[in-house]
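Below you'll find the structure, written out as structure tokens, and then a few comments.
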Amino acid sequence: MARSADGTSSGKARSRATSGRSEEGRPEPIGPPSGSKSADPVRAAEVTRLAPGLYIVATPIGNLRDITLRALDVLARVDAIICEDTRVTSTLAQRYGLGAERIAYHDHNAERVRPKLVARLAAGAALALVSDAGTPLISDPGFKLVRAALAAGIAVTAVPGASAALTALTVAGLPTDRFLFAGFLPAKSGARRRTLRELAAVRASLIFYETAPRLADALADMVAMLGDRPAAVARELTKLHEDIRRDGLSALAEHYRNAGPPKGEIVVIVGPPIAEAAATDADLDRQLASALRTASLKEASAAVAAATGLPRRQVYARALALQGKRHAAEPH
């Protein structure tokens with residue numbers, strides 16, 4: 001997982017793994033064993049040299065033992081490693097003896113650094129792009145670098161591995177046949193609700209990254225715009241204190257409102273809209289009542305209509321009736 005504007009992500013676990021390096025930390029050639037006819041120094045050097053290009057390398061999202069053998073091999077042989085934060089990547093580098101130069105590349109310096117990286121690639125360098133944790137380009141600034149490299153005719157190779165979004169989806173207990181990754185939602189409630197309103201009709205599980213201070217408010221906005229769908233909040237995935245809470249959105253919003261901001265990196269998975277056939281009158285009333293607690297009549301009706309697939313006019317009429325009953329029941 002990459003960082004939002006006010007969040008960080010890194011892994012701190014200790015482990016022991018095998019890589020393409022000797023006990024002394026020197027690169028080991030990947031080729032025939034010594035004694036074979038092709039194990040002469042020239043051929044071994046040719047095998048050891050990594051082909052020029054940009055390598056998109058996934059790194060662990062928490063537990064350093066989740067690094068792949070191929071990732072270790074590539075990171076040990078590239079000319080330099082392009083990082084979101086060189087300090088975060090240094091933890092991985094120190095653990096596995098990765099001595100390549102580390103170059104910072106993030107939102108604040110990308111416009112200045114990107115042309116230099118493309119020029120270096122064009123000159124024949126082999127460079128690896130990593131994020132602070134997980135798969136690069138998933139909610140981080142790597143997309144423009146990949147696009148520029150491809151435009152310059154440079155080879156781009158994926159070295160797949162961990163992803164917080166997919167890890168959370170697999171343990172959420174929600175449908176996995178169709179899903180949409182939406183990254184970080186806007187920080188302010190108004191913009192966040194507009195984004196959620198656009199996603200309300202998507203018939204797939206929704207995946208969000210969120211920061212701890214905004215989690216309770218974001219969940220409340222999800223209830224208002226998406227309805228009270230089943231959901232899961234996954235925290236500290238693959239780490240010692242991994243925690244996955246599964247419940248309806250309204251219950252999750254209430255829990256984190258009362259408990260306060262949790263620690264760690266957070267992924268929120270929201271189930272798809274309730275199928276129209278399954279939306280009974282009781283379901284409709286329950287979703288509208290929940291949405292009306294935090295949204296206007298118009299916003300609540302639109303969100304529930306999108307979530308259930310029912311005609312907006314029908315849902316709006318029902319919302320008016322519910323609101324009328326609620327006002328009639330209030331003491332005067």
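Scanning region 35-63 for residues that are within 19 Å of the chain's Cα centre (by Cα) and modelled with pLDDT under 95 yields one hit, Gly62. Quick one: would you say Val233 is among the β-branched types (Val, Ile, Thr), buried (at least 19 other Cβ atoms within 10 Å of the Cβ) and within 21 Å of the chain's Cα centre (by Cα)? Yes; evaluated as a whole, the condition is true for this residue. Within the set Ala158, Ala168, the sole residue that is buried (at least 20 other Cβ atoms within 10 Å of the Cβ) and within 30 Å of Val270 (Cβ to Cβ) turns out to be Ala168. Taken together, the residues in region 181-224 that are touching a Ser or Thr at 6+ places or on another chain (Cβ under 9 Å) and more than 20 Å from Gly248 (Cβ to Cβ) amount to 7.
With without any contact (Cβ under 8 Å) to a residue 12 or more places away in the chain and not in a helix (DSSP H, G or I) as the only criterion, which of Pro272, Pro261, Pro186 stands out? Step by step, each of Pro272, Pro261, Pro186 is checked, and only Pro186 is without any contact (Cβ under 8 Å) to a residue 12 or more places away in the chain and not in a helix (DSSP H, G or I).
Taking region 144-155 as the range and being closer than 26 Å to Leu72 by Cβ and exposed (fewer than 13 other Cβ atoms within 10 Å of the Cβ) as the test, only Leu150 passes. Out of all the residues in region 252-262, is one or more closer than 19 Å to Arg203 by Cβ, modelled with pLDDT of 85 or more, within 24 Å of the chain's Cα centre (by Cα) and in the same structural domain as Ala200 (by TED's automatic domain parsing)? No - not one qualifying residue is present in region 252-262. Any residue at all in region 131-139 that's surrounded by fewer than 13 Cβ atoms within 10 Å (Cβ to Cβ) and modelled with pLDDT of 95 or more? No, region 131-139 has no match at all.
Only strands (runs of 3 or more DSSP E) whose full extent lies in region 71-139 are considered here, and the ones with at least 1 residues that are touching a residue at least 60 places away in the same chain (Cβ under 8 Å) are 80-83, 126-129.
The values are calculated or read from the model by the stated rules, or taken from the named source; none is laboratory data. Computed from a prediction, not measured in an experiment: that's the story for all the values here. All Cβ positions, even for glycine, are placed from backbone atoms using ideal geometry, and neighbour counts span all protein chains on display.
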